[in-house]
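Just below is one structure, and these are the notes that go with it.
The values are calculated or read from the model by the stated rules, or taken from the named source; none is laboratory data. Because the structure is a prediction, the values reported are computed rather than measured. As a convention, Cβ positions derive from the backbone with ideal geometry for all residues, glycine included, and neighbour counts pool all protein chains shown. Accessible surface areas use protein heavy atoms only, side chains included; no ligands, DNA or RNA. Shrake-Rupley method; radii C 1.70, N 1.55, O 1.52, S 1.80 Å.
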Amino acid sequence: MSFDLAGRLAERRAADLYRQRPLLDSPQGPLVTVDGRELLAFCSNDYLGLANHPQLIEAWRAGAARWGVGGGASHLVIGHSTPHHELEEALADFTGRPRALLFSTGYMANLGAVTALVGRGDTVLEDRLNHASLLDAGLLSGARFSRYLHNDSASLATRLDKAEGNTLVVCDGVFSMDGDLADLPALCAEARRKDAWLMVDDAHGFGTLGATGGGVVEHFGLGLDDVPVLVGTLGKAFGTAGAFVAGSDELIDTLVQFARPYIYTTSQPPALACATLKSLELLRSEHWRREHLAVLIRRFREGAASIGLQLMDSDTPIQPILIGDSGRAMALSQALRERGILVTAIRPPTVPAGSARLRVTLSAAHDLAQVDRLLEALSQCWMPLSGEPA
């Protein structure tokens, strides 16, 4: 008996679900070289245009010259360097929380937080459209696991009434494939009613939402008592890599003691922390990036509506165009690519069956002319696929 890997791959190809990695041969930016061709890209999560910022590059170089290029060991052995500590203090100040803890990836931060807080005899309740890392964390925690209807506080309330032990409600702040915001005020109210904790992964909200870029919690004016566990990633609006959890002294101490993905992983390079400190400084001081991004979002939504594209309920840089069929989504993505524009088709199982889409993402590094070029190409490509006369 053997594994039928070839058969599984053939089935995926036949269903228009086969995934391939585009080869990037340039830094992140609006104009990129992919598979040997220059393309105008609308598929990066570099929302503030910081991933290739010269000040971040210089901060990384200076950090490497001072601290070397490797973390060397886990944080609990001898891998917790001064830049790591300074970044944690800066992130705590940024989020208005007593402490923050660095993780190497967002996946690890989510897995570490959930599994450290709940286990057998407890309950974890999650939004159906949560990121895969959150769903995996809930399943791996050993707690009683249930998913409530997307952004539905009444559905959450029903499940909270059946919860046992310590109960953790978990949701994305901005849903990565739809671009909509979690209804945090309503979710907070239900969690408080049953003395449950709310954990929010604001990977796509930090830097883009809130008066100072503080994310979805700042956007709604919520605090530590409302959202005891706040997770952010550094590879999106921050433009670098890694993640963090921010919360109370007791929460961070608990994660240091019990979060296995934190305890048993080599720390990120100290130079990376140096670069992130610089990106946090720019994120907090250069408000024009968020303001320009808001202008681009409005321009795109107005233009897409005039074409007749089906957008989703999003005022964030994530602007999905709902197609439905995976084959048609792939065809539209390919038609745009032939016109020099890169937009990724997102298909099941990343999104629910029948909801394949083009996930357009905007960056402060884009300009209005580039957004207009995307809209013109969409207009040209959409008519033949939609069956409408050109």
In order through segment 3-20: 3J(HN,Hα) via Karplus (6.51 cos²θ - 1.76 cosθ + 1.60), integer Hz, x for Gly, Pro: 6, 8, 5, 4, x, 4, 5, 5, 4, 5, 4, 5, 8, 6, 10, 5, 9, 9
Neighbour-limited loop hits for trypsin sites (Lys or Arg not before Pro), segment 45-122 (at most 13 other Cβ within 10 Å; DSSP other than H, G, I, E, B): ARG120
Relative contact order (%) - criterion: Cα under 8 Å, at least six apart; region: segment 290-390: 30 percent
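With the cut-off at 26 Å, report for the chain the share of all Cα pairs above it, as a whole percent.
55 percent
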³J(HN,Hα) computed for each position of segment 331-343 - Karplus, 6.51 cos²θ - 1.76 cosθ + 1.60, integer Hz, glycine/proline x: 5, 5, 4, 5, 5, 5, 4, 5, 9, x, 10, 10, 9
Ranked by how many other beta carbons lie within 10 Å on average, peptides 263-273, 286-296 from highest: 263-273, 286-296
Dipole of segment 1-140, positive end: most advanced residue of LEU111, GLY96, GLY63 [Cβ charges, Cα centre]: LEU111
For the chain, accessible area per residue (1.4 Å probe, heavy atoms of protein chains only), Å²: 44 Å²
Largest-first principal axis extents of the Cα set of segment 277-351 (Å): 43, 29, 25
Calculated from backbone phi, Karplus (6.51, -1.76, 1.60) coupling profile of segment 185-191 in Hz, x at Gly/Pro: x, 5, 5, 4, 4, 5, 5
Computed FRET value (nearest 0.05) for GLU281 with ASP367, which takes r as the C-beta separation and R₀ as 22 Å: 0.40
Those residues of segment 320-340 whose amide nitrogen sits under 13 Å from the label point placed on ARG12, 7 Å along Cα→Cβ: none
Fraction of antiparallel bridges per DSSP, the chain only, in percent to nearest 5: 55 percent
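Where does each of 144-152, 173-181 land if you order them by average Cβ count within 10 Å, highest first? Intermediate values should be presented prior to the final figure.
Numbers: 144-152: 18.1, 173-181: 22.6.
By packing density, highest mean first, the sequence is 173-181, 144-152.
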